[in-house]
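The values are calculated or read from the model by the stated rules, or taken from the named source; none is laboratory data. Source: prediction; values computed, not measured. Cβ atoms come from the backbone with ideal geometry, glycine included; neighbour counts cover every protein chain shown.
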Amino acid sequence: MIEARNLWKNYGDTQVLERLNMTVAEGEFVTLVGASGCGKSTFLKLLLGVEAPSRGELLLDGQPIPDEPGPDRGIVFQQYSVFPHMTVLDNVVAARAFQKPGVSGFLFGAAKRDAIDEAKSLLEQVGLSHALDRYPHQLSGGMRQRLAIAQALLGKPRILLLDEPFGALDPGIRADMHELVLKLWRDYKLTVFMVTHDIKEGFHLGTRLWVFDKLRHDPHAPNAYGARITYDIPVGQRDDVTLEALDNDALTQRNHP
Amino acid sequence: MKRLINKTPGLRGRWLLGLLPFALLLALYLGASDVRLEANPNDKLLPSIEQMGAAMHNLAFEPSKRNGDYLFWVDTASSLQRLLLGVAIAALIGLVLGLLTGALPLVTAGVSPLLTVVSLVPPLALLPILFIVVGLGEVSKVALIAIGITPFIARDILRRTQEIPAQQLIKAQTLGANSAQTIVRVLLPQILPRLIDAVRLSLGSGWLFLIAAEAIAATDGLGYRIFLVRRYLSMDIILPYVAWITLLAFVLDQLLARANDWLFPWHKAGHES
């Protein structure tokens, strides 16, 4: 479904990604881990269409990924993912309104009633039915991310992109969110790409785990080389050798930043 | 002993400290006024409270001998009408211009440099042009206020629009929103409270332009009156008028601040979501 062919990305002199080749099938849950600045989020931006590849191709069903965000690719960011000026219910209803053509983005009459009913049932699924009239700033971090996920799903995306969605949450709440994401992934038959800093989270959630790292390193020009996918692990394969190799990598990285 | 930088006044202390400078200024004025009037009962420079009260009573509650108007209220109504009209026009133009310029990079490229240059033109220098083009009537005064503060509001709204996190725009697009829907439902509502903030900040200049225009060409208005009675050294009218203008400015500012809290409860609280 998604395929990268010799994909490069640089910002000026800073090489972020180099020689990326991979294919991802529909329904996979790919988790992306790696040190900060290793191009995980850049890769997500390429999938999203807000950044374009510098060289090579990134294909969706054999076609280049559209060069702007669209409803086939949903996104949840770590923050700023929901609209702060709308109540929980409005956030979801607005998402429905955005799918209709028109200039105002408001719904009226029967369409509005339908959208409200649908929004309520979706919010029930993510456990927010008690907070319909609250504004995002009145929600906890976990509830806010639930809302962001509910909203993203309403667009009926084929691909769901998650950019460190649970990075700011407490461990207990994280576990709840993991269950929610896995349930929705199965129910909606999504293809998920999730950036995370937490390698355990990556193993727990993904069907496939990618480690982004720089293979070549020039200490005098740290930006000269980009990162590649150094490990592509089908999860399930959690044998000691792989884990140890990952640990060693993490160690060397810490020692030679 | 606590460090000075850690000492904070309580509620009563804050009120007391806040009112103290006002009381001191008032006492200083009354003392000086007494001293001067003692020396010369006809002194006009520092009139007593009674003199100011009598002068204001004449203007506010006695019909004018010339045309039967209650001058104080006529002045207030004319000035407020000019000010509010000018500010409203500026707010509307500034909002549309700033929002579109901030939201659409193509418009930004076309309008932003012009806006920067225009905002550097001193509005008062345009007043003669306005008088020549639209005459000495109401239009020129309203236009001066509008022209004077529109660039400020437009630039402020432009910047605020660009400050809205890109994530929200991306999110809206992934939900299928087109450009118009994104502007109307994501940007516009979040800009409105910032528009009110911008209007609050520009009211000061608004008053400045109003009084300047009234001083030069008007037949009524708060600014007209104080410049008129200046010829007779009527400090007993000028001082209360200045206080009244200050009070009006204060009330307008507070009304806008309250309106912001009331209309947009999400505005102050949540910037982190």
Q) Out of all the residues in segment A:71-84, which are in contact (Cβ under 8 Å) with a residue 40 or more places away in the chain and either surrounded by fewer than 19 Cβ atoms within 10 Å (Cβ to Cβ) or in a loop (DSSP other than H, G, I, E, B) (or both)? A) A:P71, A:D72, A:F77, A:Q78, A:Q79, A:S81, A:V82, A:F83, A:P84
Q. Mind checking which residues of segment A:54-69 are more than 13 Å from B:Q168 (Cβ to Cβ) and at the interface with chain B (Cβ under 7 Å from one of its Cβ atoms)?
A. A:E68
Q: Sort through B:F250, B:F227, B:F209 and tell me the only one that's of a type in the set (A, V, I, L, M, F, W, C) and crowded, with 18+ Cβ neighbours inside 10 Å.
A: B:F209
Q: Only residues that are within 14 Å of another protein chain (Cβ to nearest Cβ), assigned to a helix (DSSP H, G or I) and either at positive phi or polar (S, T, N, Q) (or both): list them for segment B:162-176, please.
A: B:Q167, B:Q168, B:Q173, B:T174
Q) Of all residues in segment A:124-143 being in a helix (DSSP H, G or I) and within 17 Å of B:H267 (Cβ to Cβ), which is farthest from the other protein chains (Cβ to nearest Cβ)? A) A:Q138
(Q) Quick check on this structure: which one of A:A150, A:A115, A:A94, A:A110 is closer than 27 Å to B:L188 by Cβ and within 10 Å of another protein chain (Cβ to nearest Cβ)? (A) A:A94
(Q) Where the second residue is polar (S, T, N, Q) and surrounded by 11 or more Cβ atoms within 10 Å (Cβ to Cβ) and the first is in a loop (DSSP other than H, G, I, E, B) and lies in segment A:99-116, which pairs have Cβ atoms under 6 Å and are six or more apart or on separate chains? (A) A:G105/B:Q181
Q) Which of the residues spanning segment A:42-70 are of a type in the set (S, T, N, Q) and surrounded by fewer than 18 Cβ atoms within 10 Å (Cβ to Cβ)? A) A:S54, A:Q63
Q: Mind listing whichever residues of segment B:37-52 are within 13 Å of B:D236 (Cβ to Cβ) and without any contact (Cβ under 8 Å) to a residue 60 or more places away in the chain?
A: B:L37, B:N42, B:D43, B:S48, B:I49, B:E50
(Q) Restricting to segment A:179-202, count the residues that are assigned to a helix (DSSP H, G or I), buried (at least 20 other Cβ atoms within 10 Å of the Cβ) and touching a residue at least 60 places away in the same chain (Cβ under 8 Å). (A) 2
Q) Here is a list of conditions, (1) away from every other protein chain (no Cβ under 12 Å); (2) within 20 Å of the chain's Cα centre (by Cα); (3) not charged (D, E, K, R), and B:A217 meets all of them except one; can you say which number that is? A) (2)
Q.
A:D176 - would you say it is under 19 Å from the mean Cα position of the chain (by Cα) and either surrounded by 16 or more Cβ atoms within 10 Å (Cβ to Cβ) or closer than 19 Å to A:G37 by Cβ (or both)?
A. no
**Q.** Residue list for segment A:160-174, restricted to those being more than 10 Å from every other protein chain (Cβ to nearest Cβ), in contact with a Lys or Arg (Cβ under 8 Å, 6 or more places away or on another chain) and not in a loop (DSSP other than H, G, I, E, B)
**A.** none
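Residue by residue, here is whether (1) loosely packed, with under 11 Cβ neighbours inside 10 Å; (2) in contact with a helix residue (DSSP H, G or I) (Cβ under 7 Å, 6 or more places away or on another chain); (3) assigned by TED's automatic domain parsing to the domain that holds B:G221; (4) not charged (D, E, K, R) holds:
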position	(1), (2), (3), (4)
B:P9	no, yes, no, yes
B:R12	yes, no, no, no
B:L16	no, no, no, yes
B:L20	yes, no, no, yes
B:A27	yes, no, no, yes
B:Q51	no, yes, no, yes
B:K65	yes, no, yes, no
B:L71	no, yes, yes, yes
B:T76	no, yes, yes, yes
Q. If we keep just the residues of segment A:85-128 that are under 27 Å from the mean Cα position of the chain (by Cα) and among the polar types (S, T, N, Q), which is surrounded by the most Cβ atoms within 10 Å (Cβ to Cβ)?
A. A:N91
Q) For segment B:153-168, how many residues are more than 15 Å from B:L192 (Cα to Cα) and either in contact with a His (Cβ under 7 Å, 6 or more places away or on another chain) or surrounded by fewer than 18 Cβ atoms within 10 Å (Cβ to Cβ) (or both)? A) 2
Q.
Out of everything in segment A:158-171 that is under 18 Å from A:L46 (Cα atoms) and surrounded by fewer than 22 Cβ atoms within 10 Å (Cβ to Cβ), what residue ends up being nearest to the chain's Cα centre (by Cα)?
A. A:E164
